[in-house]
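Peer 1: Below is one structure. I have some questions about it.
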Amino acid sequence: MLLVLVACVGIAIVALPIAGLVARSPWTRIAEIATDDATLEALRLSIVVSTTAALLALGTGFPIAWLLARVSFRGRVIVRAVVVLPLVMPPVVAGVGLLAAFGRRGIVGGWLDRWFDVQITFTTGAAVLAATFVALPLAVLALESGLRSIDERLELAAATLGASRGYTIRRVVLPMLGPQIAAAAVLAWARALGEFGATITFAGNLSGRTQTLPLAVFERLQTDPEAAFALSVVLIALALTVIVALRGRFLR
């Protein structure tokens, strides 16, 4: 009985904020709010940023996951800790770190500004970089878990039959890794979609350039709380779509 009571408390902690958003949303205005130009622009930018970030997380995450799962080297624990660190790093600290690295006076951004007159901060590219930073660990963890679940003897068998490393990865590993790749892509996309702290710190909140849907919610909260509630419901609907897409993993 005690376990059931504690479980109900935990469920209430998650469910009550969602119920509050649903109750406080102006349902008579939600269609108007969800289809106005500012919202559609923020939604478009959110989809562009999150999709690009998810692709980058997959493209860079697979080699990292392969290195962690298949290669033994000194310092592997440290590399894994560094890769996973964005999961527990405060979002504002992540944004400040991105500024220190890629800002106009950053260790990389300063060099790009001096030699190529390229500024990353306060651009759509900065929003993508911030989203990739927070989404990459999820992709790496999902892919590494998948790689560790694959029987390496299958790869050795392919090698003994004359298959090259690249051929083995394309025709043996990737087909068996399909569900984990899909999970990594969706998790990275969902995390990038909800990114706020690092984005507003590093990329700013510029309409049409860096203002994604979470940033639009924050801005509306200052001037029109009802509109913020409505946009929050839109984000929840997108999140539920992600959960349904992964129903085989999360709902069964």
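Nothing in this text is a laboratory measurement; each read-out follows from the coordinates by a stated rule. Here the structure is a predicted model, which means the values were calculated and not measured. Please note: Cβ atoms are built from the backbone with ideal geometry, for glycine as well, and neighbour counts cover all protein chains shown.
Peer 1: If the only charges are +1 at each Lys and Arg Cβ and -1 at each Asp and Glu Cβ, what is the size of the charge dipole of region 49-174 around the Cα centre, to the nearest 20 debye?
Peer 2: Here the size comes out at about 260 debye.
Peer 1: Still on this structure, I have one more. May I ask for log10 I(q)/I(0) of region 115-224 at q = 0.11, 0.12, 0.15, 0.16 Å⁻¹, from a Debye sum over the Cα atoms as equal point scatterers with solvent left out?
Peer 2: Ignoring solvent entirely, the Cα scatterers give -0.54, -0.60, -0.74, -0.78.
Peer 1: Taking the Cβ-Cβ separation of Arg171 and Ser149 as r and a Förster radius of 25 Å, what is the calculated FRET efficiency to the nearest 0.05?
Peer 2: On the way: r = 18 Å, r/R0 = 0.72.
The computed FRET efficiency comes out at 0.85.
Peer 1: Could you give me D for the chain, from Stokes-Einstein at 20 °C and 1.002 mPa s, where the hydrodynamic radius is the Kirkwood radius over C-alpha pairs? Units µm² s⁻¹, please.
Peer 2: Answer, rounded: 105 µm²/s.
Peer 1: Further, regarding this structure: What dipole magnitude, in Debye to the nearest 20, does the chain give about its Cα centre under +1 on Lys/Arg Cβ and -1 on Asp/Glu Cβ? Each step should come with its number before you reach the end.
Peer 2: Details: 21 positive and 14 negative charges, 199 e Å.
Charge dipole, the chain, about its Cα centre: 960 debye, nearest 20.
Peer 1: Working from Cα positions, state the angle (0 to 90°, nearest 10) between the long axis of helix 37-70 and the longest principal axis of the chain.
Peer 2: Value to nearest ten degrees: 20.
Peer 1: Go through region 114-120 residue by residue and turn each phi into a ³J(HN,Hα) via Karplus (6.51, -1.76, 1.60, θ = phi - 60°); whole Hz please, and just put x for glycine and proline.
Peer 2: Those phi angles translate into 5, 8, 10, 6, 10, 10, 8 Hz.
Peer 1: Out of Gly125, Gly20, Gly208, any idea which swings most in a Gaussian network model of the chain, alpha carbons joined below 10 Å?
Peer 2: Top of the fluctuation ranking is Gly20.
Peer 1: Now, a different point. Cβ under 13 Å from Ala230's Cβ, Ala230 left aside: what net charge do those residues give with Lys, Arg +1 and Asp, Glu -1? Walk me through the numbers on the way to the answer.
Peer 2: Values: positive: Arg24, Arg29, Arg220; negative: Glu32, Asp36, Asp224, Glu226.
The answer is -1.
Peer 1: So for the chain, averaging the separation of alpha carbon pairs under 8 Å that are six or more residues apart and normalising by length, what relative contact order in percent results?
Peer 2: 32
Peer 1: With unit charges on the beta carbon (Lys/Arg positive, Asp/Glu negative), name the residue among Leu238, Ala157, Val172 whose Cα is farthest towards the positive pole of the charge dipole of region 151-252.
Peer 2: Going by the charge dipole, the pick is Ala157.
Peer 1: Okay, moving on. How far, in nm, would the chain grow between Met1 and Phe73 when pulled straight, counting 0.36 nm per residue and subtracting the alpha carbon separation? Intermediate values should be presented prior to the final figure.
Peer 2: Details: separation 72, 0.36 × 72 = 25.92 nm, distance 4.92 nm.
Between Met1 and Phe73, full extension yields an extra 21.0 nm.
Peer 1: Then there is this: Once you have the Cα-Cα distance between Val93 and Ile243, take 0.36 nm times their residue separation minus that, and quote the gain in nm to one decimal.
Peer 2: Length gained between Val93 and Ile243: 51.2 nm.
Peer 1: Let me ask something additional. Between the helical axis of 178-193 and the dominant principal axis of the chain, each derived from Cα atoms, what acute angle in degrees is found, rounded to the nearest 10?
Peer 2: Rounded to the nearest ten degrees, it is 30.
Peer 1: Find the centroid of the Cα atoms in region 35-59 and in region 131-195, then give the distance between the two in whole Å.
Peer 2: 24
Peer 1: Convert each backbone phi in region 197-206 into a coupling constant with the Karplus relation 6.51 cos²θ - 1.76 cosθ + 1.60 (shift: θ = phi - 60°), then list the ³J(HN,Hα) values in order as whole Hz, x for Gly and Pro.
Peer 2: Ordered by residue, 3J(HN,Hα) equals x, 5, 5, 5, 6, 8, 9, x, 10, 9 Hz.
Peer 1: Within region 211-229, list the residues whose amide N lies under 17 Å from a label point set 7 Å along Cα→Cβ of Leu40.
Peer 2: 213
Peer 1: If you average 1/r over every pair of different alpha-carbon atoms in region 1-62 and take one over that average, what Kirkwood value in Å do you get?
Peer 2: Details: mean 1/r = 0.0651 Å⁻¹.
In region 1-62 this quantity evaluates to 15.4 Å.
Peer 1: Go through 223-234, 190-201, 99-110 and give me the packing order, highest mean Cβ count within 10 Å leading. Please list the in-between numbers first.
Peer 2: Details: 223-234: 19.2, 190-201: 23.1, 99-110: 15.9.
So the peptides 223-234, 190-201, 99-110, ranked by packing, come out 190-201, 223-234, 99-110.
Peer 1: For Glu32 and Leu85 in the same chain, what is the full-extension length gain: residue separation times 0.36 nm, less their Cα-Cα distance, in nm? Please report the intermediate quantities before stating the final value.
Peer 2: On the way: separation 53, 0.36 × 53 = 19.08 nm, distance 4.01 nm.
Result for the pair: 15.1 nm of gain on full extension.
Peer 1: Let me ask you something else. Give me the angle, in degrees from 0 to 90, between the Cα long axis of helix 225-245 and the longest principal axis of the Cα atoms of the chain, rounded to the nearest 10.
Peer 2: 30
Peer 1: As a check on your grasp of the helix formula, calculate [θ] at 222 nm for the chain: sum -39500 (n - 2.57) over DSSP H runs of n ≥ 4, divide by the residue count, round to the nearest 500. Show your work: numbers first, answer last.
Peer 2: Numbers: 14 runs with 188 residues, N = 252.
Taking each H run of at least 4 residues, the total per residue is -24000 deg cm²/dmol.
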